[in-house]
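Novice: Dropping a structure here in structure tokens format, bear with me for questions.
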Amino acid sequence: MPELPEVETVRRGLTQLIVPSTITGVEVFWDKIITPPFSSQKFCDNLYGETIHAIERRGKYLIFLMDHWAMISHLRMEGKYKVCPSDQVIEKHTHVVFHLHDGRDLRYLDVRKFGRMTLVPVAMAKDAIKALNLGPEPLPQCFQVEEFSLQLKKRHRAIKPTLLDQSLVAGLGNIYVDEVLFRSKIHPLRMTDNLSEDEIQVLHDQIIAVLGQAVEAGGSTIRTYKNTLGEEGTFQQALLVYGQTDQACVVCGTPIQKIKVAQRGTHFCPVCQVLR
DNA sequence: TGATGTGTTGGGTG
DNA sequence: CCACCCAACACATC
């Protein structure tokens, strides 16, 4: 499901629903979701009696802050959290169940089983997050154009894979990269080290704007994604190129093309986004 | 029925 | 440093 806007929407929904809640038991049905250092058994043991005091987000990661532990969770492609009464039938693809003190469950579902969660001592949470090697959050006060420009110039690589890499700026995925590049009039294969200062400024501003607007809209509902409250995001209506193959470009009317870049489906307007 | 594509990340190889 | 391929998985679509 998730790029930053969807993860942020999940964070807000979960915060509203379960902060604070005390965990009275955990069941893991697919061990590989739980990554080291703890086995899934130890994971369950450690969480017994812990109260979830806050849920934070860094890039596309969710961070559940508890008494002694922080749980770092990544939804990867299709991970979802739902909250429901604990007597509700466990639906297909449910891999982790957290029983809460008030008779509800927090459940993790993931059709493809790609998502991951891990536990670190809460005092180590800052260090663990640092070790993820994420770039700044795409907010004006965190994401500085000077540093962004410096980083772009010192590598020789196409812009799309560079933005998908989370180390320059955190939170962009396949959908929003295509949207940001279209709005910046930059071809996805453009080399980062020959972007002009003006282009970099536009790109920087569009990253902040697009992700910000998508958060406001509650994310995009593509395929299966719904937020924790069961609502659909509305930003998919604002997508100008993603999934618009052969549709007329909203700026010039040229059919949107789909190509493969960095092994990912990539949508762009061949007239608005010229490769130079 | 088989091939292909899907919102992610990390590891290996050349 | 970078590009590419693959793995983890299930399901929809062509």
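Novice: Give me the Debye-computed log₁₀ of I(q)/I(0) at q = 0.09, 0.12 Å⁻¹ for segment A:74-205, equal point scatterers on Cα only, no solvent, two decimals.
Specialist: Values, matching the q order: -0.41, -0.65.
Novice: ³J(HN,Hα) across segment A:134-150 via Karplus (A = 6.51, B = -1.76, C = 1.60, θ = phi - 60°), whole Hz, x for Gly/Pro?
Specialist: For segment A:134-150, the Karplus curve yields 8, x, x, 5, x, 10, x, 7, 10, 9, 9, 5, 4, 5, 4, 4, 4 Hz.
Novice: If you count the DSSP beta bridges with both ends in segment A:32-153, what percent of them are antiparallel, to the nearest 5? All intermediate terms of the calculation are to be shown ahead of the outcome.
Specialist: Numbers: 28 of 29 bridges.
DSSP beta bridges in segment A:32-153 are roughly 95 percent antiparallel.
Novice: Here's another thing I want to ask about it. Based on the alpha-carbon gyration tensor of chain A and its eigenvalue square roots a ≥ b ≥ c, which shape applies: rounded if a/c is under 1.5, prolate if not and a/b is larger than b/c, or oblate?
Specialist: prolate
Novice: Considering Cα pairs under 8 angstrom that are at least six residues apart, work out the relative contact order of segment A:144-201 and quote it in whole percent. The partial results should precede the final answer.
Specialist: Working: 51 pairs, mean separation 27.4, N = 58.
Worked out over segment A:144-201, it gives 47 percent.
Novice: Note the angle between two axes, namely the Cα long axis of helix A:197-216 and the longest principal axis of the Cα atoms of chain A, as a number of degrees from 0 to 90, rounded to the nearest 10.
Specialist: For helix A:197-216, the angle is close to 40 degrees.
Novice: Here's another thing I want to ask about it. Starting from the amide H of residue A:86, placed 1.01 Å from N in the peptide plane, find each other amide H under 5 Å away whose residue is 5 or more places distant or on another chain.
Specialist: Hits under the 5 Å cutoff: A:104, A:105.
Novice: For a quick check: with amide H placed at 1.01 Å from N, whose amide H comes under 5 Å from residue A:21's, ignoring anything fewer than 5 positions away on the same chain?
Specialist: Those lying under 5 Å, H to H, from residue A:21 are A:52.
Novice: Another question, then. A 22 angstrom limit on the alpha carbon distance is what I want to check against. Which of A:60/A:80; A:80/A:130; A:32/A:60; A:42/A:113; A:153/A:185 exceed it?
Specialist: On the way: A:60/A:80 13 Å; A:80/A:130 24 Å; A:32/A:60 19 Å; A:42/A:113 20 Å; A:153/A:185 18 Å.
Over 22 Å apart, Cα to Cα: A:80/A:130.
Novice: Does segment A:136-178 classify as rounded, prolate or oblate by the C-alpha gyration tensor (a ≥ b ≥ c root eigenvalues; a/c under 1.5 gives rounded; else a/b over b/c gives prolate, otherwise oblate)?
Specialist: Values: a/c = 2.29, a/b = 1.06, b/c = 2.16.
Oblate.
Novice: How high is the relative contact order of chain A, in percent, with contacts defined as C-alpha pairs under 8 Å that are six or more residues apart?
Specialist: Details: 548 pairs, mean separation 50.6, N = 276.
Here the relative contact order equals 18 percent.
Novice: Further question: Would you mind classifying segment A:86-136 by shape? Square roots of the alpha carbon gyration tensor eigenvalues, ordered a ≥ b ≥ c; an a/c under 1.5 is rounded, otherwise it is prolate if a/b is larger than b/c and oblate if not.
Specialist: Details: a/c = 3.86, a/b = 1.74, b/c = 2.22.
Verdict is oblate for segment A:86-136.
Novice: Let me spell out the model: positive unit charges on the Cβ of Lys and Arg, negative unit charges on the Cβ of Asp and Glu, origin at the Cα centre of segment A:1-147. What dipole size does that give, in debye rounded to 20?
Specialist: Numbers: 18 positive and 19 negative charges, 63 e Å.
In debye, rounded to 20, segment A:1-147 gives about 300.
Novice: Oh, and also: How large is ³J(HN,Hα) for each residue in segment A:117-129, as worked out from phi by the Karplus curve 6.51 cos²θ - 1.76 cosθ + 1.60 (θ = phi - 60°), to whole Hz, x for Gly and Pro?
Specialist: Taking θ as phi minus 60°, the curve returns 9, 9, 10, 10, x, 4, 5, 9, 4, 4, 5, 5, 5 Hz for segment A:117-129.
Novice: Out of residues 5 or more away from residue A:77 or on other chains, whose amide H comes under 5 Å of its own, with H placed 1.01 Å from N in the peptide plane?
Specialist: For residue A:77, the qualifying residues are A:114, A:115.
Read the figures in this text as sums done on the coordinates, not as results from a lab. Note that the structure is predicted; figures quoted are calculated from it, not measured. Glycine gets a Cβ as well: all are built from the backbone with ideal geometry, and neighbour counts include every protein chain shown.
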